[in-house]
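Q: Shown below is the structure under consideration.
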Amino acid sequence: MGHKLAIIGFGGMGGWHCQNITEKIDEITVKGVWDIREEAREKAKGQGLYAYSSLDELLNDDEIDIVTIATPYDFHKQLVIDCLEAGKNVVCEKPVALNSAELVEMINASKRTGKLFSIHQNRRWDKDYRIIKEIVDKEMLGTPYFIESRVQGSRGAMHGWRGHKINGGGMLLDWGVHLIDQLMNMIHSPVVCVDAHLQSIFSDEVDDNIKVFLYFENGVSAVLEMATNCFINHPRWHLSCTDGTAVVEDWSCKGKMVQLNTNAEMEWADDIVYTEAGPTRTMAPRPAFTTKELPLPEVQTDWSDYYKNIVDVLDNGAELIVKPEQALRVMRVIDTAFESNTKREGIHCNI
Ligand SMILES: NC(=O)c1ccc[n+]([C@@H]2O[C@H](COP(=O)([O-])OP(=O)(O)OC[C@H]3O[C@@H](n4cnc5c(N)ncnc54)[C@H](O)[C@@H]3O)[C@@H](O)[C@H]2O)c1
């Protein structure tokens, strides 16, 4: 049984959805596009797609059973609700909403209509993330206690509508939603404190260089950093665990693990070491024989597994991977991060 899909918002990401589904998902045919810009509708026609003349025309097209929404964020809530109420299954781009209150309304619409509703959190299938998640899940370096996750660009301001508050612009909603979602799907414990430093270096309206500290109930803590003005990058991931450290340098996934040799002799531990920093025990390098360097684990992952799961849910009743309730936790953390930044203090919570 095949599915017919329409895309609302045929810009950069709408175009990506169309190409990815057409090339990789046999069970879904992309039929048409609705975009408020005529230029985007003409582009769709040029690619052999049907260009709807209005949102209503799309909503009334009984052939369409899935709609993917890829517009600026401030339109997501109403479009998702309209599509669900027209009987469509809905995939919405991230961030699914501007705040958790909006998302609650969207979830209620999906419960009311019984239609599938999911969010395109494709970065759960990023290779760098999957490597770190594998190390954590399999406890390859013991218990994690501090996680650093960073994306760092150097091209300055947020571009286009991403620079406008009314559209929900800014780093926290753009990349923050990915990094928080990744972390909350790796550390299975409530977030109990959020401390956000949202700086606006270039913009009068939105955050563009940010750090968010998250504290989990199980004792793990994390810093998420998103920069647009960084010229010497930290690693994409730095993972501190009780029995070692892992680093993933960048999206090419170069990196390594250093693991403690648990059987190594420890008599050296009390010896004072004379270093360039003077005599010190704690900061002196460890003897080489007490650690070993390991390659990062191999992982296979593909963004198109997101849509494969959507098809599996619709055709076979499989479990939905990206659930709206998970997105709601992420949006609550984002709400709390905005509050933390406004108050200039860490906010205690239970999310
Ligand atoms: N998951 C990812 O990796 C990823 C990457 C990039 C963008 N995105 C998301 O995709 C969404 C769109 O981003 P983009 O980069 O494609 O933006 P874009 O500006 O390139 O495209 C947005 C399109 O939506 C259209 N549009 C605006 N308002 C509309 C409305 N009310 N109805 C119909 N069409 C409307 C615009 O004309 C434009 O063609 C955002 O939510 C963004 O966060 C996700």
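Please treat every number below as a calculation from the coordinates, not as lab data. Quick caveat: nothing in here was measured; it's all calculated off a predicted structure. As a convention, Cβ positions derive from the backbone with ideal geometry for all residues, glycine included, and neighbour counts pool all protein chains shown.
Q: Counting other C-beta atoms within 10 Å, which of S340, S154 has the fewest, and how do the rest follow?
A: Taking fewest neighbouring Cβ atoms as first place, the list is S154, S340.
Q: Got a sec to turn the phi values of the stretch 78-86 into Karplus ³J(HN,Hα) couplings, 6.51 cos²θ - 1.76 cosθ + 1.60 with θ = phi - 60°, whole Hz, x for Gly and Pro?
A: Running phi through 6.51 cos²θ - 1.76 cosθ + 1.60 with θ = phi - 60° gives 5, 5, 4, 5, 4, 5, 4, 6, 7 Hz.
Q: Sum -39500 (n - 2.57) across every DSSP H segment of at least 4 residues in the chain, then divide by the residue count to get the 222 nm mean residue ellipticity, nearest 500.
A: So the calculated ellipticity at 222 nm is -9000 deg cm²/dmol.
Q: Given the pairs K94/K133; K111/K138; K115/K211, which are separated by over 32 angstrom at their Cα positions?
A: K111/K138; K115/K211
Q: Enter the angle in degrees (range 0 to 90, nearest 10) between the Cα long axis of helix 100-113 and the first principal axis of the Cα atoms of the chain, meaning the one along which they spread out most.
A: 50
Q: Using Cα atoms only, what is the angle between the long axis of helix 127-137 and the major principal axis of the chain, expressed in degrees (0 to 90) to the nearest 10?
A: It works out to around 60 degrees.
Q: Using a Förster distance of 22 angstrom, determine the FRET efficiency expected from the C-beta separation of K111 and A318, and round it to 0.05.
A: Once the sixth-power term is evaluated, E becomes 0.70.
Q: Additional query: Counting other Cβ atoms within 10 Å, keep those with at most 13, restrict to DSSP loop, and tell me which trypsin sites (Lys or Arg not before Pro) in the stretch 275-346 are left.
A: Filter output for the stretch 275-346: R281, R344.
Q: Here is a further query. Where Rh denotes the Kirkwood radius from the mean inverse Cα pair distance, what is Rg over Rh for the chain?
A: Here Rg/Rh amounts to 1.03.
Q: Same structure again: Among G12, G278, G170, which one shows the biggest mean-square fluctuation in a GNM of the chain, springs joining Cα atoms closer than 10 Å?
A: Looking only at G12, G278, G170, the largest GNM fluctuation is found for G278.
Q: Could you list which residues have their amide H under 5 Å from that of G142, counting only those 5 or more apart in sequence or on another chain, with H placed in the peptide plane?
A: D243
Q: Separate question: In a Gaussian network model over the chain where Cα atoms closer than 10 Å are linked, find which of T262, T245, T336 has the largest mean-square fluctuation.
A: The residue that fluctuates most here is T262.
Q: Another question, if that's okay. Quick one: M283, M158, fewest Cβ neighbours within 10 Å first, how do they rank?
A: M283, M158
Q: Another question about this same structure. Got the relative contact order for the chain handy, in percent, Cα pairs under 8 Å and 6 or more residues apart?
A: 17
Q: In what sequence do L58, L172 fall when counting other Cβ within 10 Å, fewest first?
A: Fewest-to-most ranking of L58, L172: L58, L172.
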